[in-house]
1. For the range 116-135, name all the residues that are exposed (fewer than 14 other Cβ atoms within 10 Å of the Cβ) and free of Cβ contacts under 8 Å to residues at least 40 places away in the same chain.
2. Tell me, please, whether a residue that is surrounded by fewer than 16 Cβ atoms within 10 Å (Cβ to Cβ) and either assigned to a strand (DSSP E or B) or modelled with pLDDT of 95 or more (or both) can be found in the range 55-72.
3. Quick check on this structure: which one of Leu40, Leu87, Leu124 is out of contact with any Ser or Thr (no Cβ under 6 Å at 6 or more places or on another chain), among the aliphatic types (A, V, I, L, M) and either more than 30 Å from Gly182 (Cα to Cα) or modelled with pLDDT under 95 (or both)?
4. Is there a residue being at pLDDT 95 or above, outside any loop (DSSP other than H, G, I, E, B), acidic (Asp, Glu) and buried (at least 17 other Cβ atoms within 10 Å of the Cβ) anywhere in the range 103-115?
5. Collect the residues in the range 101-146 that are within 20 Å of Lys192 (Cα to Cα) and under 12 Å from the mean Cα position of the chain (by Cα), keeping them in residue-number order.
6. Taking the residues in the range 165-182 that are small (Gly, Ala, Ser) and assigned to a loop (DSSP other than H, G, I, E, B) as candidates, determine which candidate is surrounded by the fewest Cβ atoms within 10 Å (Cβ to Cβ).
7. (1) in contact with a Leu (Cβ under 8 Å, 6 or more places away or on another chain); (2) under 24 Å from Gly90 (Cβ atoms): which one isn't true of Ala197, the others all being true?
8. Could you tell me which residue of the range 90-115 is nearest to His181 (Cα to Cα), considering only residues that are in contact (Cβ under 8 Å) with a residue 12 or more places away in the chain and among the aliphatic types (A, V, I, L, M)?
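The values are calculated or read from the model by the stated rules, or taken from the named source; none is laboratory data. On a predicted model such as this, the values are computed, not experimentally measured, just so you know. When we count neighbours, we look across all protein chains shown, and the Cβ atoms used for this are built from the backbone with ideal geometry, even at glycine.
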Amino acid sequence: MRYLVLLATILGLIPGCVLVFDGHDDDDGVCVGTPEPASLPAPQRNPDTLTCDSFGGGCDLGCGPCAEAAFAPIPTWGACNGKCESLTEGACAQDPGCRVVKDAACSISGGCLTNYVGCFAIDLQSDPTIDCFAATDGFTCSRSAACTAYHRTTSAPNTIAQVTRPFALCTPEGKAPGTCHGALTCTQPAPKCPTGARPGVAGGCYTGACIPLDLCEPVPAQP
């Protein structure tokens, strides 16, 4: 019996389950309780929605049923609430570990006091060679500090009551996407944009960005 009490004390310290003994000498020490979570990793910034998401759980499959999410690979996204998130836009652009995020609608149609959404850590699997204009998802765009991500203003809460801001497009840092209906004076070829997007224009030339049609500014009135 003394052995079982000692074993229960030791195993009870291992994250993953709750041990339950009925006090009898013939108890085999099998854990039958619900899994206990270990200390969770810090929440990470989802580059596609800008929400803070948590992963892992430390559950031990040998000691009771575990949720599938407890063993899913943890993304390489940057952590939430790090040093980047307190920076101004200028300071963020200068920090090699941070990336600038802007509001897509404000950047394209204007009319906002600021289009700066915030500064967030780049992905742990950084890649400075990424073609920012070619990045079609938030994850790819987040892997380079030289890229600026533009997100929509959708405010519908997700399953954990966070406001989601879906990824829209990506450009090199310091290069605006332009507008959809700007006048062209350059002879450079337009970028190949997917269905549902059109080339951005600024200063009479194509910017290289592909702007989703739902973010295009109103067509200017004809004189």
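1. Within the range 116-135, Asp127, Pro128, Thr129, Asp131, Ala134 qualify.
2. no
3. Leu87
4. Yes, the range 103-115 contains at least one residue that is at pLDDT 95 or above, outside any loop (DSSP other than H, G, I, E, B), acidic (Asp, Glu) and buried (at least 17 other Cβ atoms within 10 Å of the Cβ).
5. Asp137, Gly138, Thr140, Cys141
6. The extreme case among them is Gly174.
7. With respect to (1) in contact with a Leu (Cβ under 8 Å, 6 or more places away or on another chain); (2) under 24 Å from Gly90 (Cβ atoms), Ala197 is out only on (2).
8. Ile108
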